[in-house]
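Colleague: Pasting a structure below so you can have a look.
The values are calculated or read from the model by the stated rules, or taken from the named source; none is laboratory data. Worth saying up front: this structure is predicted, and the values here are computed from it rather than measured. Here the Cβ positions follow ideal geometry from the backbone for every residue, glycine too, while neighbour counts run over all protein chains shown.
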Amino acid sequence: MESLTIKSALTLAVAASLVACGGGTGSSTPSDTANTDTPTAPRPPETQPTQTPVDYSQLSDPALNACVAATGIEYREQLQTLECNHKQIRSVDGLNQFSQLRVLSLQNNQISDLQPLTTLSQLAYANISHNRIDSLQAFAGLPVLKTLIANHNQIHSISDVEQLSALTHLYINDNKIADLEPVSRMTDIRYLTAGNNPSPLPDTLPQSIISYRI
């Protein structure tokens, strides 16, 4: 009986030791079980397009300022088309902030300087007829300019736009252009008007021309 009691005590002691050491066949608690779930990477925040508020203080001409304000835009990147005809605008200062501008019509104003337009790399259409412009230099570096309407100005030369490969429509009636020879080298021009200038059209015109008028 005593030996049985000792044996039972030893059995209980061994069992207690196994439990203390983490042995035995008991079920594991959640804290003892390794977490095998694959961690989920955090989602990066969505990138919002950069938008810059219009700086109306740069639009120094009151008439131009009012014309832009009338479009109702809040951010510079929103302005893609601007029509400010017959507004008595004298200066286009501040238009350079509209980098997404594609269509611009400023006909029948009093503009003489177009330099603020030199950085408008997305400009594809420009109507500057009936102003006081004497140079097309502002358009010389605009890679996607397709249509340029510059009738009734004081332009002396078209050499500044001679290299514009995207230019297909050129309207330059009633100016002071003394040499229209560059037209012969503008091999992408399709539509041309150049009447009432001191210079006649060259004898040889690009084969690309579909229609011309002098």
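Colleague: Being farther than 17 Å from LEU167 by Cα, aliphatic (A, V, I, L, M) and not in a loop (DSSP other than H, G, I, E, B) is the filter here; which residues of the range 85-128 pass it?
Modeller: Scanning the range 85-128 gives a single hit, LEU95.
Colleague: Considering only the range 158-174, I want to know if a residue exists there that is farther than 23 Å from GLN207 by Cα, surrounded by fewer than 21 Cβ atoms within 10 Å (Cβ to Cβ) and touching a helix residue (DSSP H, G or I) at 6+ places or on another chain (Cβ under 7 Å). Outline the logic, then answer.
Modeller: Restricting attention to the range 158-174, the residues satisfying the condition of being farther than 23 Å from GLN207 by Cα are 174.
Among the residues that remain, those that are also surrounded by fewer than 21 Cβ atoms within 10 Å (Cβ to Cβ) are: 174.
Filter again for touching a helix residue (DSSP H, G or I) at 6+ places or on another chain (Cβ under 7 Å), leaving none.
Within the range 158-174, none of the residues are farther than 23 Å from GLN207 by Cα, surrounded by fewer than 21 Cβ atoms within 10 Å (Cβ to Cβ) and touching a helix residue (DSSP H, G or I) at 6+ places or on another chain (Cβ under 7 Å).
Colleague: Of everything in the range 182-206, what is under 22 Å from PRO143 (Cα atoms) and of a type outside the set (Gly, Ala, Ser)? Give them in sequence order.
Modeller: Kept after step one, since they are under 22 Å from PRO143 (Cα atoms), are these residues of the range 182-206: 182-193, 206.
Result: PRO182, VAL183, ARG185, MET186, THR187, ASP188, ILE189, ARG190, TYR191, LEU192, THR193, PRO206.
Colleague: Now for a separate question. With respect to ASN175, determine if the residue is assigned to a loop (DSSP other than H, G, I, E, B), among the polar types (S, T, N, Q), more than 25 Å from GLY94 (Cα to Cα) and not assigned by the TED database to the domain that holds GLN88. Spell out how you get there, then give the answer.
Modeller: Working: assigned to a loop (DSSP other than H, G, I, E, B): yes; among the polar types (S, T, N, Q): yes; more than 25 Å from GLY94 (Cα to Cα): yes; not assigned by the TED database to the domain that holds GLN88: yes.
Here the answer is yes, as ASN175 does meet what is asked.
Colleague: Six or more apart or on different chains, Cβ atoms under 8 Å: show the pairs whose first residue is in the range 189-205 and in contact (Cβ under 8 Å) with a residue 12 or more places away in the chain and whose second is hydroxyl-bearing (Ser, Thr, Tyr) and part of a loop (DSSP other than H, G, I, E, B).
Modeller: What qualifies is ILE189/THR168; ILE189/SER208; ARG190/THR168; ARG190/SER208; TYR191/THR168.
Colleague: How many of the residues in the range 129-169 are over 22 Å from the mean Cα position of the chain (by Cα), part of a loop (DSSP other than H, G, I, E, B) and of a type in the set (A, V, I, L, M, F, W, C)?
Modeller: So the answer is 5.
Colleague: Report, by residue number, each residue of the range 82-123 that is surrounded by fewer than 17 Cβ atoms within 10 Å (Cβ to Cβ) and aliphatic (A, V, I, L, M).
Modeller: Matches in the range 82-123: VAL103 only.
Colleague: Select, from TYR212, TYR191, the only residue that is modelled with pLDDT under 95 and aromatic (Phe, Trp, Tyr).
Modeller: Details: TYR191 fails: modelled with pLDDT under 95.
None of the others qualify; the one that does is TYR212.
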